[in-house]
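These notes are about the structure you will find just below.
FYI, it's all coordinate maths here, none of it is from the lab. Note that the structure is predicted; figures quoted are calculated from it, not measured. For neighbour counting, all protein chains shown are included, and Cβ atoms are generated from backbone atoms with ideal geometry for every residue, glycine included.
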Amino acid sequence: MIQCKTSKAISGMGHSMKRKEDARFVAGKGHYVDDIKLPGMLYMDIVRSPYAYAKIKNINIEEAMKVPGVVAVVTGRDLEKYNLHWMPTLMSDTQMVLPTDTVMYQAQEVAAVIATSKYAARDGREAVRVEYEKMKPVIDPYKAMDPSAPVLRTDKEGKKDNHIWNWKVGDKDKTDKIFESADVVVKEQMHIPRIHVASIETCGCVADYDKVNNHLTMYMTTQAPHAIRTVIALVAGHVGLTEEKVRVVSPDIGGGFGGKVPVYPGYVIAIAVSFLVGKPVKWIEDRSENLQADSFARDYHITAEMAGTKDGKILATRFKVLADHGYTDASANPSKFHTGLFSIATGSYDYDAAFMEADAVYTNKPPGGVAYRCSFRVTEAVHAIERITDRFAFEIGKDPAELRMQNFIKKEDFPWKSPTGWTYDSGDYHAGLQKAMDVVDYYGLRKEQAEKRKRGELMGIGISTFTEIVGAGPSKDFDILGIKMFDSAEIRVHPTGKAIARFGTKSQGQGHETTYAQIIAEELGIPAENIQIEEGDTDTAPYGLGTYASRSTPTAGAAAAIAARKLRDKARKIAAYLLEVSEDDLEWEPGKFFVKGAPEKTKSIQEIVFAAYTNHPQGMEAGFEATHYYDPPNLTFPSGAYICVVDIDKETGGINVRRFVAIDDCGNIINPMIVQGQVHGGLTQGIAPAMYEELIYDEEGNILNGTLMDYLVPTAVESPKWETGHTVTPSPHHPIGAKGVGESPTVGAPPAIANAIVDALSPYGITHLDIPITPFKVWKALKEKGAI
Amino acid sequence: MNKQITVTVNGTQHTLEVEPRLLLVHMIREVLSLTGTHIGCDTSSCGACTILLDGKSIKSCTVLAVQADGKSITTIEGVSAEGAMNPLQEGFHLNHALHCGFCTPGMIMRATELLEKNPNPTEEEIRWGIAGNLCRCTGYNNIVKAIQYAGAKMRGEALPSTEPEFV
């Protein structure tokens, strides 16, 4: 049971308050980008490349310009005149807005058609004739790394190969030495495939440039409106769009999951066209464009190794990664972190030697990669460590739960320094796994499994005990394009005691309008229902880096608490003045100050706020407002213990996820209902890549499943009935002890599912299958092992 | 060559001149400015555009406006009075069956027909019943609960708990 300090009327932390934002969404009154219609608005559609690698010989727009309603066709040559045909990526690589000479991946933007209606723009798109000269693409990342491979990025002067960067961390010598002398060494090659966030709302914008006032309002699907404003000013400042002339508005967002962090060419073209014609321009991509061209996630090829003793002590790990970034490194990571936070791959276990190395490579595939509901490459890291841990347990014949219990970092050893340099803030891994085992009846299931195995039936139990790393991040290490990754809150309390608070983050469904209000309610005692939350308008919200990588609660949530505490300090002064006592004589309980020993002498927060506007002490600043920019001292490290139970049909390979128990520890809980909702959704985005989703390319670079008919987003039928629970280990450095949760389940679920399936197949000597694990993969593996 | 059609939308009759190729979803969103009906894909896979056409839930991205001539349409804007919630809307709200809200109108329209045909569906019947509607945020568990809640409310039975089962 979660303890609450406030009454239900106040609904501070711990209350399952129903969401304030729901009323408009259930009524169809949400306000998304595609709902915006401005006077004189033009519509943009994009011509895309049918080839993965080709020279553009000619673009003929003559027929397109004859289509009624078509106003303009924009090509790379047009943008080149304004030096807007290239843009930087967040990782300081470069990306074409529109090509002048060469297309580098299938579905790349080639030209934009502007028209007076959506239908005319589409007609115009069909009438643009592009002549290509096909070239042989490089699709396989290992082949791309071969010295004989053709160099793809010929735009980069002096570039002699397709290698982007090399990254390493850890003590190589120490680790290698342990591997040389260890009793047991296990190794698996894994691919974490390319997937797509596929938020149900695609990406889009309305760029509205006002020539008279030289002012751009950019309505767009972005998770980071302030950062986008700065990027626009950096890219287009030379044509007059300096930062004070740009307003970015992120209205309601229909799901983000990392896919709405990058700047896509469509946004830039819309701005350029609006700037040139002085009219609003709407661009809304369709689903196939979204799947085929927008940033992918994952695509890590990982060699994972673990060294240990015969009795199950983990001694060291080694990970080698080949990262396929497609045509350009368009990752959405903090600038200094090429591999994001992959170095969390040492996991939840107590050992002191690890070495990790990654190389990134260009191929003729769309650029990326983004998160897919995961903190910067943590899913890849957790899959690697949790799979190789199971592999080790299998090798020495030890129960994987017991092996984990043996190796967990103990709760008294926090803060704990990892071999790759992280300081884990807190955790109680033993308690989490024990709870999951109790809920699922682990030993009962093992007994059932043993009986089934005797009968030749396939049942598997899979565990994942992961450590997440979220809340980027401390300014000494974390920035995006130089901007430090703090986040912000501004609270204004009106004379009648009701408030508005604004944030630098941007909800895409996480429920900020409710949870931020609850944090402020907790600190000030103003009922959460009286606190309005606003985000997403750069003209009104304080600067912040946005919502992704489970950072909102760790950063902006902390800012809210601290800003509210500044106000409570001011309230104490006003209360002392009103009650004519010294500040030290006052005690606080949510919603009021009272005099120690005389509880009838009290001033409510509403009375105090009213006095701040009507009767404030002389010498004190009037009003009741506070702002805080929070620079976290450390990241937060949520954790979880997941257990998955599967039954497999031997004849068909069909996999039934019979049970899935998820115990999450995200520190102190703001709203249990919302935390559980986040876990449900995250688990479903965990089973998705584990069993269904993968973007597949043929050797010519054609995408084979670029529509929602072929790319298998789980429906209600594929999604199991999730069993969820929690443990609470507060973050010691976070003002309200919270850690962030939205992505934990996406990170933790895939290895639990993969481990369960491999466990079911292990009697036949199967030690690994790459996700997504489909019935065909299972059937094939059983066939190869002679099991059927 | 435009064609004249007459449609009744949320109880109001409209006579419109439309291109024969105009999709019904575009008529609803662009011509009538009812933006609660959303577009999430181009292959009739996601169900965000689900509406009722003569009481039957259909994906309005796969029907032409001219096919709706003489018919009656209900969109999310028409299921309850402004500021009020019908049992399904209330069920979605109380059971946290929505996050970003983008799939929600389509889900509610689909569930409307589902409950009308089968007032007391099992969990499995609900899951199969909404299999044509994708939600990327919620993982569907709470959508199932929301539809069960609405069913109970419409049948006049005791309402199931809306507290999260979060042990």
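Counting partner chain Cβ atoms within 10 Å of every residue's Cβ in B:30-40, what's the average?
Partner Cβ neighbours, averaged per residue: 5.
Which of the GluC sites (Glu not before Pro) found in segment B:52-102 are loop residues per DSSP with 10 or fewer other Cβ atoms within 10 Å of their Cβ?
B:GLU82
To the nearest Å, what is the center-to-center distance of segment A:372-386 and segment A:730-750, using C-alpha atoms only?
14 Å
Among the trypsin sites (Lys or Arg not before Pro) within segment B:9-61, which fall in a DSSP loop and have no more than 11 other Cβ atoms within 10 Å of their own Cβ?
Answer by residue number: B:ARG21.
Bin width 5 Å, origin at 0, all Cα-Cα pairs of segment B:18-90: what percent of pairs per bin?
Calculated P(r), rounded to whole percents: 3, 16, 27, 26, 16, 7, 3, 1.
For B:CYS46, B:CYS135, what's the fewest-to-most ordering of other Cβ within 10 Å of each Cβ?
With the sparsest Cβ surroundings first, the list reads B:CYS46, B:CYS135.
Taking the simple approach of a point 7 Å from Cα along Cα-to-Cβ for both A:CYS4 and A:ASP155, what is their distance in nm?
A separation of 5.4 nm, rounded to one decimal place.
Taking each residue of A:276-289 in turn, how many C-beta atoms of other protein chains fall within 10 Å of its C-beta, and what is the average?
Per-residue shielding by partner chains comes out at 1.
Using all alpha carbons of chain B, what is the percent of pairwise distances in each 5 Å bin, ordered from the shortest bin to the longest?
2, 9, 18, 21, 19, 14, 9, 5, 2, 1, 0, 0, 0
Tell me, what HN-Hα J-couplings in whole Hz come from the Karplus equation 6.51 cos²θ - 1.76 cosθ + 1.60 at θ = phi - 60° for each residue of segment B:96-103, using x for Gly and Pro?
Couplings: 6, 8, 9, 10, 7, x, 6, 7 Hz.
I need the phi-derived Karplus couplings for segment A:327-343: 6.51 cos²θ - 1.76 cosθ + 1.60, θ = phi - 60°, integer Hz, Gly and Pro marked x.
After applying 6.51 cos²θ - 1.76 cosθ + 1.60, I find 5, 8, 7, 10, 5, 10, 10, x, 3, 7, 10, 3, 9, x, 10, 4, 5 Hz.
Could you give the length gained by full extension between A:LYS596 and A:ARG24, i.e. 0.36 nm per residue of separation minus their alpha carbon distance, to one decimal place?
Difference between extended and current length: 201.5 nm.
Under the Kirkwood approximation applied to all pairs of distinct alpha-carbon atoms, what is the hydrodynamic radius of the protein assembly as shown in Å?
Taking the inverse mean of 1/r over all distinct Cα pairs, the protein assembly as shown comes out at 29.1 Å.
Students often get this wrong: which residues of segment B:103-139 have the backbone nitrogen under 18 Å from the point 7 angstrom along Cα-to-C-beta of B:THR43?
So the set is B:131-136.
Could you list which residues have their amide H under 5 Å from that of A:TYR372, counting only those 5 or more apart in sequence or on another chain, with H placed in the peptide plane?
Amide H to amide H, under 5 Å and 5 or more residues apart or across chains, A:TYR372 pairs with A:GLY259.
Non-local amide H neighbours of A:LEU315 (under 5 Å, H modeled in plane, Pro and chain starts lacking H): which ones?
Under 5 Å from the amide H of A:LEU315: A:ALA307, A:GLY308, A:THR309.
What does the net charge come to around A:LYS484 if you take all other residues with beta carbon closer than 12 Å to its beta carbon, with K and R at +1 and D and E at -1?
Neighbour charge sum, excluding A:LYS484 itself: -2.
Roughly how big is segment B:87-155's charge dipole about its Cα centre, with Cβ charges of +1 (Lys, Arg) and -1 (Asp, Glu), in debye to the nearest 20?
With only Lys, Arg, Asp and Glu charged at Cβ, the dipole is about 100 debye.
Where Rh is the Kirkwood radius over the Cα pairs of segment A:687-746, the temperature 4 °C and the viscosity 1.567 mPa s, what D in µm²/s does Stokes-Einstein return?
Values: Rh = 15.2 Å.
Here the translational diffusion coefficient equals 85 µm²/s.
Give, in whole angstrom and from largest to smallest, the semi-axes √(5λ) of the equivalent ellipsoid of segment B:87-155, with λ running over the eigenvalues of the Cα gyration tensor.
Values for segment B:87-155, descending: 17, 13, 10 Å.
Relative to a virtual label point 7 Å from the Cα of A:LYS783 in the Cα→beta-carbon direction, which members of segment A:436-475 show backbone nitrogen distances below 20 Å?
Output list for this probe position: A:458.
Report the GluC sites (Glu not before Pro) located in segment A:668-751 that are in a DSSP loop and have at most 12 other Cβ atoms inside 10 Å of their Cβ, or state none.
A:GLU699
For the protein assembly as shown, with only Lys/Arg (+1) and Asp/Glu (-1) charged at the beta-carbon, what is the dipole magnitude about the Cα centre, in debye rounded to 20?
Numbers: 101 positive and 120 negative charges, 62 e Å.
Charge dipole of the protein assembly as shown: 300 debye, to the nearest 20.
Pop out the ³J(HN,Hα) list for segment A:306-321 in order, Karplus 6.51 cos²θ - 1.76 cosθ + 1.60 with θ = phi - 60°, rounded to Hz; leave Gly and Pro as x.
For segment A:306-321, the Karplus curve yields 9, 10, x, 9, 5, 8, x, 7, 6, 10, 6, 9, 9, 10, 10, 10 Hz.
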